[in-house]
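Take a look at the structure below.
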């Protein structure tokens, strides 16, 4: 009688799906959260770019605007965006004898959190060009 029970238990597959899910689910959930966090990092990058684009428009009307003023204006526009160590530099480039542009460069740190892994800091940044009125 005992041998019949062992044969029945050996052929029972009712818990196989639950066991497979228990093995795969933590990895899948961690990967899914990592993808969401990476997507949020890209969203934050777009928000930073938009804030700096809006702030740098003042350079067209006041070319002597400093990087500190641009930074404070941009940070004021970044509500609830986790940006650390925002650094902005402004470089004047001459195109022709009477045409100049201002290149605004920025970098910042973004912390990436993935469950089960140590936090990682990504340094992100970009630049944009602001045309200046021609000097006569």
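The values are calculated or read from the model by the stated rules, or taken from the named source; none is laboratory data. None of the values given here were measured: they were computed from a predicted structure. Here Cβ is always computed from backbone atoms with ideal geometry, including for glycine, and neighbour counts include all displayed protein chains.
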Within segment 39-61, restricting attention to residues that are loosely packed, with under 13 Cβ neighbours inside 10 Å and within 16 Å of the chain's Cα centre (by Cα), which residue is nearest to residue 103 (Cα to Cα)?
46
Please work out if residue 2 is touching a strand residue (DSSP E or B) at 6+ places or on another chain (Cβ under 6 Å) and at pLDDT below 90.
no
With criteria (1) free of Cβ contacts under 8 Å to residues at least 24 places away in the same chain; (2) in a strand (DSSP E or B), residue 36 comes up short on (2)
